[in-house]
Each structure stands twice: as structure tokens, then as C-alpha cells.
Amino acid sequence: MKTRENREESALEMPPKMGLNSDMLGKEKVGLLLFKMSAPAIIGMMVQSLYNIIDGIFIGHYVGTLGLGAISIVMPMQMVLMALGMLFGIGGASIISRRMGTNDLEGASLALGNMVALCVGSGLLCLLFGVLAGDSMIRLSGANEALMPYCESYFYIIILGTPMFTFSMAGSSSARAEGNANVAMVSMLIGAILNILLDALFIVYLGLGIKGAASATVLSMAASAVYLIVFYVSGKSVLSIRLRHMILKWTVVWEMACIGMSDFARTVAMSLTMALMNNTITRLGGEISMAAFAVFFRISGVLFMSMMGIGQGAQPIIGFNYGANQFDRVKKTLRLAIVSATTISLLGFVILELFPGPLFRIFSSDPELIGIGKNACRLMAIGFPLIGYQMIAVSLCQALGKAGAALFLALSRQVVFLIPMILILPRLFGITGVWLALSAADCVTFVVTFILVTLIMRNLAPSAQEPFTE
């Protein structure tokens with residue numbers, strides 16, 4: 001008779017679930033497969049962006065311009081939390097998809113367990129740090145005396161959801177990596193829809209203002225996390241999490257961190273860049289310009305999330321087929337992903353250039369904010385057609401396990417090019433220089449990215465995946 005432990009070990013060795021995903025990722029027509037993998041990610045992220053927009057609409061109309069400025073000030077801190085989820089989530093997802101490509105289900109489960117342990121642990125540490133140093137971080141992010149009370153009210157509630165937020169991001173990434181993109185989509189849908197409903201309840205009906213917006217966000221994070229926990233412990237996942245999988249293993253943690261470092265660095269760099277922009281905007285343009293930037297960030301976020309969804313859908317396909325040495329499928333997936341993401345970036349460019357006024361009126365009726373926002377939006381959107389290619393390139397490097405290249409591409413736009421632009425152009429053109437900095441950095445980054453991707457694709461080599469050893 002088998003003991004419970006033996007039954008669990010046997011379950012890990014059973015191939016049926018794995019076979020279904022292997023057939024899909026390794027044999028199904030690439031175009032249809034990319035659609036199946038990307039559509040749920042795009043839908044989930046679009047809805048997630050939509051609740052950010054609706055959150056901004058509620059705050060703009062029921063709290064005011066200072067409320068919009070405050071959420072932009074707090075955003076760099078939220079992005080650091082997102083970066084932690086990406087560090088372990090994206091890195092773990094790359095390992096999972098490549099291990100599944102070599103039929104190493106135990107290695108994939110070990111990566112998942114380590115990922116969960118790291119996300120929860122780092123989330124708790126960030127919660128503690130945020131409580132202790134919140135005021136200092138808010139001021140460094142660009143808050144002046146007028147914005148400070150709104151920022152504090154928002155931040156100290158948001159920080160409570162940190163462990164749930166990092167776990168949700170990592171759990172969604174691993175679900176996509178094993179071919180269950182719908183699970184990741186549903187987790188985001190649950191959080192987004194609940195956030196919208198709670199915004200209406202807390203902000204409009206209960207009159208809690210910006211505290212209500214923060215409370216709605218935290219509760220929606222908790223709901224997404226609970227859904228993912230149920231998925232992994234119910235046996236519906238291809239992978240399984242046992243206590244032994246959650247014991248950190250250095251080789252797994254190191255590979256995970258190296259691969260996820262590109263997204264982590266990119267997001268942290270974006271956070272630092274946003275803090276620099278916030279300070280510059282507040283100094284040169286005041287609270288109205290700060291609110292205009294907050295609105296643009298939410299509008300463009302819908303487009304960014306769509307392109308990111310394509311990249312996330314392509315990553316497990318590229319990683320699996322690279323692990324299986326099927327290079328033609330890798331190249332086909334890359335081409336389709338680039339075309340799809342570039343189409344979205346071009347569409348976004350047209351919308352942002354032609355209709356900035358109507359877009360800003362959705363968030364506010366303040367004529368000064370709308371006037372400043374229209375000009376800022378058109379300038380910041382100039383480089384938008386090039387962004388889709390850049391985002392897919394980072395996903396390609398992550399999927400192939402090329403951590404150094406992914407890190408370089410991630411930092412090129414956010415640090416190497418954008419920060420100098422922010423420091424130089426405002427000295428020449430004032431507040432207009434801040435808006436131009438984004439587009440200038442996009443143009444230069446595209447050239448560098450194109451050269452690197454061309455070199456990588458010319459030198460694809462067979463994947464060598466050794467099993468994890470104890």
C-alpha cells in the first residue's frame with residue numbers, strides 16, 4: 001500500500017497533464033497558440049489598466065487635482081513592489097517553461113515553490129520598510145506640502161497589501177508559464193472588477209476620498225491572491241507545491257534572480273525615473289502639471305499592458321521551444337509578437353496624438369489641467385510606435401535565459417538614455433523638456449534594441465538544461 005508521501009511523489013511523475021501542455025506549446029500552430037496564450041494576458045492586463053483608469057476618474061472627480069497628483073507621487077513606491085513580483089515571477093516563469101520543455105516536472109515544481117517563498121518573504125520585508133520610512137520615501141518621490149497629506153493617506157493603506165501584491169504577480173506568471181493563461185487572466189479580472197466596485201462604494205457612497213481608493217486596491221489584491229492560492233492547492237495546476245519545494249535552493253534562486261533581474265531593474269529604474277520626473281514636474285510646473293502626468297500615465301498604461309500581455313503570452317512559447325531546440329517556432333513566435341505589439345503601439349500613437357483633449361476630460365473638468373495635458377500627451381507620445389518592439393525584445397531575452405541581455409535592454413531606456421534626457425532637456429526647454437525626454441529616449445533605445453535582437457537571433461544555439469541537483 002502506498003503512503004501519502006508516495007502517492008504525492010507518484011503524482012509528480014505522472015505525464016498526462018504535462019503532455020497536454022507539451023503538445024500545445026511545442027506542436028500547435030504558432031499564430032493560434034500565440035493568440036491563445038496572449039489573449040487572456042491582454043484581457044486581464046487591459047482590465048487591470050481599466051481599473052487604474054477608473055480609479056483615476058473617481059479620484060479626479062471626487063477628490064480633485066491634488067488627489068491625482070498624489071497617486072502619481074506614490075506610484076514609484078508601488079512600482080518597486082511590482083518589481084519584486086517581476087523579479088521572482090518572470091524569472092520563475094522562464095525556468096518553469098524551459099523545464100517543462102525538457103520534461104522536468106519536478107524541476108518546474110521546485111522553481112514554483114521557491115518563487116512563492118521568495119515573493120511572500122520579500123513582500124513582508126517591504127511592508128515593514130514602508131511603515132518605517134514611508135514619509136521619507138514620499139518626499140523623495142516629489143511631494144510638496146500641498147500634496148503630502150493626500151500622499152500619506154494613500155500610501156500607508158496601499159503598503160498593507162504588499163505581500164498579496166507580490167504573490168499575485170508571481171502566481172499569475174507561473175500559471176501562464178505552465179500553459180494556464182486563463183487562470184492568470186481570471187485572477188486579474190477578479191481584482192480589477194472588485195476594485196472598480198469598491199471604488200464606487202468607498203469613494204462615492206461612503207465619502208472616504210483617497211483613503212477609499214487605497215482600501216479598494218488592497219482588498220482587490222487580497223481577492224486575486226486568494227484565487228491563485230486556491231488554484232495551486234486544489235490540484236488543478238500542472239505543477240504542485242509541497243513544503244520541500246519551498247525550501248530555498250541556491251541554484252534555483254540564483255537563476256531566477258538573474259533572469260528576472262531585467263524586469264526588476266527596469267521597473268525599479270522606472271520608479272527612480274518617475275521620482276526624478278515627479279520632482280522636476282513639481283518644481284517646473286506645479287500640482288497641475290503633476291496631475292497631467294498622472295492622467296497620461298494611466299491612459300498610456302492601457303497600451304503598455306496590452307503590449308506586455310503579448311510579451312507574456314510569447315515568453316512560455318519561446319522558452320518551451322528553445323528548451324526543445326525547435327528554433328523555427330521560436331523565430332515565428334518572435335515575428336508574430338513583434339508585429340502584434342507594434343500594431344498596438346501604432347494605434348496608441350494615433351489615439352494619443354489625435355484625441356488627447358477628450359481623453360483628459362474623462363478624468364477632470366478643470367480647463368487648466370486639460371490644456372496642459374493635451375500638449376504634454378502629444379509630446380510624450382512621439383516615440384510610442386517604437387515601444388512594442390522594445391517590450392517584446394526583453395521578453396525574448398528572458399525566455400531564452402539570456403539574463404544579461406535582458407537586463408541591458410531593460411536599463412537602456414529607463415536609466416542609460418531617459419535619465420540624462422530628463423536632466424538635460426528641461427534645462428533647455430523648461431517643462432516641455434520633461435515631456436520630450438520620454439520620446440527621445442524611446443527613439444535611441446529602439447536602435448540599440450534592434451541591433452541586439454538581430455545578433456541574438458543570428459546566433460541561436462541548442463539549449464542545454466541540466467536537471468537541478470540536491
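Taken together, the values in this text are just the output of simple stated rules run on the coordinates, not laboratory data. The structure displayed is predicted, hence computed values, not measured ones. Please note: Cβ atoms are built from the backbone with ideal geometry, for glycine as well, and neighbour counts cover all protein chains shown.
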Seminar exercise, completed: With Cα coordinates, the longest principal axis of the chain makes an angle with the long axis of helix 327-354, in degrees rounded to 10, of 10 degrees
Problem set entry | Computed [θ] at 222 nm, helices only, for the chain once each DSSP H run of length n ≥ 4 contributes -39500 (n - 2.57) | -28500 deg cm²/dmol
For this session: Within segment 103-172, list the GluC sites (Glu not before Pro) lying in a DSSP loop whose Cβ has at most 10 other Cβ atoms in a 10 Å radius.
Result: GLU145
For this session: Quick one: dipole size for segment 30-458, taken about the Cα centre, charges +1 on Lys/Arg Cβ and -1 on Asp/Glu Cβ, in debye to the nearest 20.
Result: 1020 debye
Exercise. For segment 335-470, what's the relative contact order in percent, using C-alpha pairs closer than 8 Å and at least 6 residues apart?
Worked result: 25 percent
Exercise. Taking +1 at the Cβ of each Lys and Arg and -1 at the Cβ of each Asp and Glu, which of MET148, SER220, GLY235 sits farthest along the dipole of segment 143-257 towards its positive end, judged by Cα position relative to the Cα centre?
Worked result: GLY235
For this session: Starting from segment 242-308, pick out the trypsin sites (Lys or Arg not before Pro) whose DSSP state is loop and whose Cβ has at most 16 other Cβ atoms within 10 Å.
Result: ARG242
Exercise. So, in Å, what gap is there between the alpha-carbon centers of segment 323-387 and segment 191-212?
Worked result: 28 Å
Problem set entry | Extreme residue, positive dipole direction of segment 318-403, given options GLY388, LEU334, GLY373 (C-beta unit charges) | LEU334
Seminar exercise, completed: Neighbour-count ranking for MET37, MET79, MET148 (other C-beta within 10 angstrom, fewest to most) reads MET148, MET79, MET37
Exercise. With contacts defined as alpha carbon pairs under 8 Å and 6 or more residues apart, what's the relative contact order of the chain in percent?
Worked result: 24 percent
Exercise. Counting Lys and Arg as +1 and Asp and Glu as -1, what is the net charge of the other residues whose Cβ lies under 14 Å from the Cβ of SER97?
Worked result: +1
Seminar exercise, completed: Quick calc, VAL339 & THR432: beta-carbon distance into FRET formula, R0 30 Å, rounding 0.05, result 0.35
Exercise. With labels modelled as points extended 7 Å from the Cα through the Cβ direction, what inter-label distance (nm, one decimal) is found for LEU201 paired with ALA39?
Worked result: 3.2 nm
Seminar exercise, completed: Footprinting proxy, VAL268, VAL186, VAL74: sorted fewest to most Cβ within 10 Å, the residues are VAL186, VAL268, VAL74
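Return a whole-number percent for the relative contact order of segment 61-120, with Cα pairs under 8 Å and 6 or more residues apart as the contact set.
After rounding, I find 30 percent.
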Exercise. Given 0.36 nm per residue, what is the gain on full extension from LEU128 to LEU32 after removing their alpha carbon distance, in nm?
Worked result: 30.1 nm
For this session: Between TRP254 and PHE327, with labels modelled 7 Å along Cα→Cβ, what's the label distance in nm to one decimal, could you check?
Result: 2.8 nm
